[in-house]
Amino acid sequence: MENAKKIMKTVTHNLDQAFMMHRDIISKINQMDKIRRKKVTIGIFGKSGDGKSSLLNAVLGKKDLLPSDSYGACTAIVTRVEANLDDANYIAEIELFSKEEWEKELKDLFRVLSDESEDRNDDLFEIAVEKITAVYGADADRKTLEELQKDHTFFDIETFSFSKKIISHSDVSEFTNKVACYIQHSEASHGGWYWPLVKSVTIKTPDCHELLEHIALVDIPGTGDCNTVRDDLWKSNLRECSFVWIVSAINRAIKDKEPWGILKHCIEELGPGGKCKHINFICTKTDEINAPGYMRYFVISAKLPRQLKGKKDQKKMCILHRNNHAKTDVKKRLEQSDIKKIFSTDNDFQVFTVSSTAFFDPELNLEPSETDIPKLQDDLMILNKNIKRELTRDYVNEAKGVLSLIQSVQQDTEKKTNETRDSIHKELKNNLKKALNELDNSFDNIYRVLEQLLSKGVENSKQSCVATTKAEIVLNKDGRRFHKILQALCKNRGDYLSRNRDVYIDLNKALAKNLHECLQEDFKKIFPVSGKTGKSLQEEIDKFSISHSVSAHSRSSMLRHIQKFIKTEETKRKASLNGEIIDIKKDIYLSIQETIKNEMASCYEQAAAMTGIGSMKKRQDMLITTVDKIKHDMFNKAKMEMLKRFNNLKLYIKDKLESGLKGSMELSRSQTSNIKLMDVSRENEQLERLSGQLKRL
């Protein structure tokens with residue numbers, strides 16, 4: 001790798017000189033490719049108190065960077081951690097609600113507080129109290145909005161700098177102290193905590209290039225927030241995750257509903273509706289154990305030796321024994337869960353048993369490797385290195401294409417050669433038309449497959465939708481508690497997730513289930529997150545080429561250089577499309593549920609407005625009757641909307657390939673021998689050697 005870097009440095013220096021002499025080519029290429037590659041996102045889930053902040057601090061090797069959630073860290077904010085690539089400071093970029101958004105939310109919060117009816121949502125009431133007292137003080141929730149607007153704290157907030165705030169400091173402790181009030185709240189001290197005004201926080205930390213140069217760690221909060229903007233942020237961030245870490249304290253990793261509720265709740269968003277490639281289930285706080293009690297149980301079970309030398313040895317043995325059991329039990333539960341459906345191999349789901357405390361404190365008698373922190377760090381370094389290698393490969397290939405274009409101009413010395421260039425361009429143009437037709441046929445074949453599967457799903461949905469609705473909102477439901485849940489579900493247009501995630505109902509998702517089940521296997525093959533399936537759309541795009549069969553002037557050195565340039569441009573655009581297709585396919589898959597939600601919208605609104613004696617039964621009857629009444633149109637619309645979005649994707653891909661390659665062809669045709677360039681054959685040879693080295697890494 002070091003040798004490759006040296007070659008790259010030399011090549012870059014010489015390329016700069018060559019490019020200075022032909023700025024027109026470079027400027028046009030830059031205009032044709034303005035898309036920057038996004039950082040890979042790792043989403044981190046887990047409730048407050050389970051050690052998410054301590055885990056991130058340990059992985060980054062910075063003990064006090066993020067405030068410990070044992071002091072009440074806020075779970076309602078998306079916190080993004082990435083590398084600071086510019087200087088040695090710790091930086092926080094804090095995105096705030098606008099003044100108008102905050103004023104609207106305050107009104108919503110007070111509307112929740114003023115609700116004294118039996119239908120009051122207790123989760124939302126608790127959140128409203130928490131937010132208002134965090135910002136304005138201990139008794140702020142007992143005041144009216146008008147009284148609060150006269151309070152001095154309100155005027156302090158009025159002068160608060162809304163939109164975005166930047167905090168930068170070279171000392172990690174000072175930095176953490178300044179950022180704390182935006183990402184943390186204290187149950188012991190109310191007022192002056194600004195996290196309710198915050199949409200998201202990006203923390204950039206120095207000295208972690210090897211871990212996070214191309215990766216962002218995103219602490220994603222739970223749902224149940226009464227602010228829809230924040231809830232939408234949660235969902236959009238979730239669908240951006242290529243990797244997910246589920247965090248749970250080891251003593252309740254199996255029995256706790258929350259981590260498994262997250263997996264169950266997010267299966268659509270992480271699988272076909274997202275781009276998740278891998279999940280780590282991370283059991284934390286492994287050093288917190290009652291060794292004597294643990295030993296008594298397992299000695300009786302004849303699973304631990306009866307005699308160990310000292311208390312530290314006893315504790316270590318118990319920790320390692322419990323870690324092994326936890327890994328086995330979590331894996332076993334995974335095998336029995338629906339989340340298994342989204343994985344290709346067992347390696348796509350890994351279990352870690354972590355002690356962030358022991359990683360920093362050798363007195364706890366655990367080796368660093370026994371805390372599993374180094375394993376997580378190694379995973380990040382390998383991922384980061386792989387992304388860096390891909391980016392380097394892309395740069396090398398693009399540079400090779402540019403050099404080929406420059407060398408094709410070097411060949412342009414006679415009028416006859418200009419005629420050769422025109423002839424090559426004509427054949428490339430014909431090849432483009434043919435390749436686009438072939439791609440169109442491939443899309444049509446996939447369209448027919450999707451149409452058949454969706455038609456089957458529509459029929460299944462129409463037959464089962466009434467029973468599905470009853471199962472979600474009627475059968476075996478706790479009367480008094482479910483009365484409030486059902487109203488909250490209607491207010492939220494069809495879905496409800498309790499604050500502690502012990503109750504989750506999504507009527508729209510349930511109604512979409514048959515359509516999704518009919519699609520799922522083929523959809524995964526058409527739109528895989530990674531790898532080849534033999535049926536994927538990306539594989540059809542990879543076959544697309546206009547440069548491989550240019551027959552005219554086959555011995556022309558100019559042709560060879562133009563072919564190299566066009567091939568590079570093809571590769572670049574196909575790679576760019578790969579990332580875009582993964583993003584667009586999420587919208588295609590989720591369009592079914594989105595259509596159902598829109599078709600049911602007026603029903604939800606009317607049902608939510610019902611009050612008084614018997615209102616729960618009236619809501620249930622209205623929902624069931626409406627589903628039965630509109631089922632034919634609703635499911636057919638869902639089918640047609642998905643097919644429409646797929647067809648739009650086809651048009652987008654064809655247009656991007658066609659317009660991009662026409663531009664490249666014109667660029668290769670427009671250069672003439674009137675522009676004198678330096679010889680770049682040596683640089684081209686160096687790039688070829690570097691390309692070979694990158695393939696072997």
Give the cross-link partners of Lys637 among the lysines, using a straight C-alpha distance below 21 Å as the criterion and excluding same-chain residues fewer than 8 apart.
-> Lys456, Lys462, Lys509, Lys513, Lys585, Lys586, Lys597, Lys629, Lys650
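Run the dipole for segment 89-135 about the Cα centre, Lys and Arg Cβ at +1, Asp and Glu Cβ at -1, nothing else charged, and hand back the magnitude in debye, nearest 20. Mind dumping the intermediate values first?
Values: 6 positive and 15 negative charges, 52 e Å.
Here the size comes out at about 260 debye.
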Mind checking the full-extension length gain between Glu666 and Glu288? Use 0.36 nm per residue of separation minus the Cα-Cα distance, one decimal, nm.
-> 129.4 nm
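Can you tell me the length gained on complete extension of the stretch Asn324 to Met640, counting 0.36 nm per residue apart and subtracting the Cα distance? It would help to have the intermediate numbers written out before the result.
Numbers: separation 316, 0.36 × 316 = 113.76 nm, distance 4.98 nm.
Once the chain is fully extended between Asn324 and Met640, it gains 108.8 nm.
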Apply 1/(1 + (r/R0)^6) to the Cβ-Cβ distance of Ala471 and Ser423, taking R0 = 41 Å, and write down the FRET efficiency to the nearest 0.05.
-> 0.05
Plugging the Cβ-Cβ distance of Glu539 and Ile630 into 1/(1 + (r/R0)^6) at R0 = 35 Å yields, to the nearest 0.05, a FRET efficiency of 0.35
Starting from the Cα of Lys656, step 7 Å along the direction of its Cβ; do the same at Leu391; then give the gap between the two resulting points in nm.
-> 2.0 nm
Mind checking the per residue accessible area of segment 580-637 for me, 1.4 Å probe, whole number of Å²?
-> 46 Å²
At what distance in angstrom do the alpha carbon centres of segment 234-290 and segment 83-138 lie from each other?
-> 25 Å
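Rounded to the nearest 0.05, what FRET efficiency do Asp348 and Asp583 give with R0 = 22 Å and r taken as the Cβ-Cβ distance? Could you check?
On the way: r = 20 Å, r/R0 = 0.93.
With R0 = 22 Å, the Cβ-Cβ based efficiency is 0.60.
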Extreme residue, positive dipole direction of segment 572-662, given options Gln620, Ile582, Phe635 (C-beta unit charges) | Ile582
Measure off 7 Å from each Cα along the Cα-to-Cβ vector at Asn177 and Ser337, then give the distance between these two points in nanometres to one decimal.
-> 4.1 nm
Compare Tyr589, Tyr504, Tyr496 by solvent-accessible area with a 1.4 Å probe and give them largest first, with all protein chains kept in place.
-> Tyr504, Tyr496, Tyr589
Rounded to one decimal in nm, the spacing of the 7 Å Cα→Cβ label points at Ala601 and Lys433 is 4.4 nm
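The values are calculated or read from the model by the stated rules, or taken from the named source; none is laboratory data. Values in this document were obtained by computation on a predicted structure and should not be read as measured data. Neighbour counts run over all protein chains shown; Cβ positions are idealised from the backbone, glycine included. Heavy atoms of the whole protein, side chains included, go into the accessibility calculation; ligands, DNA and RNA do not. Shrake-Rupley method; radii C 1.70, N 1.55, O 1.52, S 1.80 Å.
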